[in-house]
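Here's the structure, in C-alpha cells; my notes come after.
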Amino acid sequence: MKNVAVFGAYGHTGRFVVAELRERGYVPLLLGRDQDKLLALAGPGLEARQASADDPASLDRALTGAAAVINCAGPFATTAAPLIEAALRAGIPYVDVAAEIEANVDTFAHFAERARAAGTVVVPAMAFYGGLGDLLVTTAMGDWTAADEAHIAYGLSSWHPTPGTLAAGVVSGQRRGGRRVRFTGGRLEYHDDALPTLEWHFPAPLGSQSVIGEFTMADVVTVPSHLAVPEVRTYMTAKAAADLSAPDASAPAAVDERGRSAQTFVIDVLVRSGGTERRVTAAGQDIYAISAPLAVEAVDRILTGRTRTTGVASAGAVFDAPDFLRALSSHLSLNVPLDANG
C-alpha cells in the first residue's frame, strides 16, 4: 500500500480526501500546522506529521516516504508554491484542490518548466471548480482541438461555504484590488463591470434558473491551459451566489454517513464551434465531497502511469477525460451525447 500525504488533512475537504484514500486502499499521511487537530483525526493506524507551509524543512520531513501529495489547505496563494517546491525536492507528484484563479495561474507560470524537467506531474485545481469543469469541457470537445467558446453553468441548490472558501475569497479579492475577472479574447481580463443576471436553461429537473453571468471560477485557467478556446465563461445560480455572499453564511452541515451536505449540483457545459454545439452535463451531491474522488482518482492515475503528459497540467490535459468521468460514476451522474466523444 502506498502512502499519500494530505496537507490540510483536518480541513473540511481534507477529511473527505483522507476517507477516500482509505477506501481506495492508500495510506494517508496526515499533514498540517495544528498537531492537536492532526492527532484527533489520526486515531489508530494513521500517522500525523506536523508541517507548515512557511517551514520547508518541516515539509521535507512530512513528505518522507510519500508517493504523492494532495494539498487541501487554502488559501492556496500561501500554500501551493511551498508544497510544490517540497514535492519537487521529494520527486513526487503534486495535486491540489485550489479554486483560487490567481493561485492556479501562478502554478502554471512558476512551475511548468521545472516540473517538466523533473519528469513529474503537478495538477492544480483538481476539484469541483477547475478540474471537473475542465474534464467536462474536454469531453464535450471530443475530437475538436479548438472551439469558439465554452460555457460552464453551475446549478447549485445552495452554497454553504467552508471557512477555507471564505478565507480564499478574501485573499483573491485582495489580489484583484476588488476587481472582477473574466476570460475573453484568449486572456484573463480584470474589470469593474457589474455582473449580469441571466436565465440559464438547465436540463430537467432543474430547468430554467436565474444565474449570475461572468461569475468566474477556476475553469478559466484550466480549460485554456490546453484547449484553444478564446472565450470561457462560467455562471452561478443566483441563489447560490447570494448564499455565498450572505453576511451570516453558515458552513455545510452533514446529512449522511459520508459527511456530505444536502447541497446538490448540476454542471451544464456547452461548447460552440461555428454553428455546431456540443453539451455535456453532470450532477451530484456536495461540491466539497466530490472534490475528494476527483483528487484521489487523479493521484491513482498518476501513480499507475495513466497520464498523457508531465509538468504542470490541468485534468483535461493529463488524463483521458471521458474515461476519468466514467470512473466517477458512483459519485456523478453524467449525460454525454454520443457525438461529444467524437
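The values are calculated or read from the model by the stated rules, or taken from the named source; none is laboratory data. Here the structure is a predicted model, which is why all the values come from computation and not from measurement. No Cβ is skipped: glycine too gets one built from the backbone with ideal geometry, and neighbour counts run over all protein chains shown. All accessible areas refer to the heavy atoms of the entire protein, side chains included, with ligands and DNA or RNA removed. Shrake-Rupley method; radii C 1.70, N 1.55, O 1.52, S 1.80 Å.
Side notes on the structure shown:
- Cβ-placed point charges (K, R +1; D, E -1), dipole of the chain about Cα centre in debye, nearest 20: 540
- Å³ per residue enclosed by the Cα convex hull of the stretch 17-145: 129
- Per residue accessible area in Å² of the stretch 194-342, where ligands, DNA and RNA are left out and the probe is 1.4 Å: 41
- Anisotropy class of the stretch 233-284 from Cα gyration tensor, a/c 1.5 cut: oblate
- Nearest-ten-degree value, helix 101-118 long axis tilted from longest Cα axis of the chain: 60
- Where the stretch 29-108 is the region considered: accessible area per residue in Å², 1.4 Å probe: 37
- Candidates Gly186, Thr276, Pro44 compared by Cα position along the dipole of the chain: farthest toward the positive end lies Pro44, with charges placed on Cβ.
- Convex hull of the stretch 116-223 built on C-alpha atoms - directionally averaged projected area, nm²: 9.5
- Cβ-derived FRET efficiency at R0 41 Å, Ala242 paired with Ala40, nearest 0.05: 0.75
- Fluctuation leader among Asp192, Asp219, Asp143 - the chain, Gaussian network, Cα springs under 10 angstrom: Asp192
- All-pairs alpha carbon distance profile, the stretch 170-227, 10 Å steps from 0, percent: 19, 41, 32, 8
- Size of electric dipole in the stretch 164-207: Cβ of Lys, Arg +1 and of Asp, Glu -1, about Cα centre, debye, nearest 20: 240
- Two-decimal log10 I(q)/I(0) for the stretch 204-342, as the Debye equation yields it once each C-alpha is a single scatterer, q = 0.16, 0.18, 0.20 Å⁻¹: -1.09, -1.36, -1.59
- Computed extension length for Ser208-Ala253: 13.5 nm, one decimal, from 0.36 nm per residue of separation with the Cα-Cα distance subtracted.
- Using alpha-carbon coordinates, inclination of helix 76-90 to the longest axis of the chain, degrees: 50
- Evaluated at q = 0.07, 0.11, 0.15 Å⁻¹, the base-10 log of the normalised Debye intensity for the chain, with identical point scatterers placed on the Cα atoms, takes the values -0.26, -0.66, -1.30.
- Using alpha-carbon coordinates, inclination of helix 12-23 to the longest axis of the chain, degrees: 70
- Low-density loop positions, GluC sites (Glu not before Pro), the stretch 247-335 - DSSP coil, at most 11 other Cβ in 10 Å: Glu257
- Surface composition of the chain: carbon plus sulfur atoms contribute 51% of the solvent-accessible area (1.4 Å probe, protein chains only, all chains present).
- Antiparallel content of DSSP bridges confined to the stretch 129-255, in %, to 5: 65
- Taking only the C-alpha atoms of the stretch 81-150, Rg followed by Dmax gives 13.7, 41 Å.
- Among 220-227, 25-32, 157-164, the order from most to least packed when residues are scored by Cβ within 10 Å on average: 220-227, 25-32, 157-164
- Where only DSSP H runs of four or more residues are counted, the chain gives -10500 deg cm²/dmol as its mean residue ellipticity at 222 nm, each run worth -39500 (n - 2.57).
- Model label points for Thr197 and Ala57, set 7 angstrom from Cα along the Cα-to-Cβ axis, are 5.6 nm apart.
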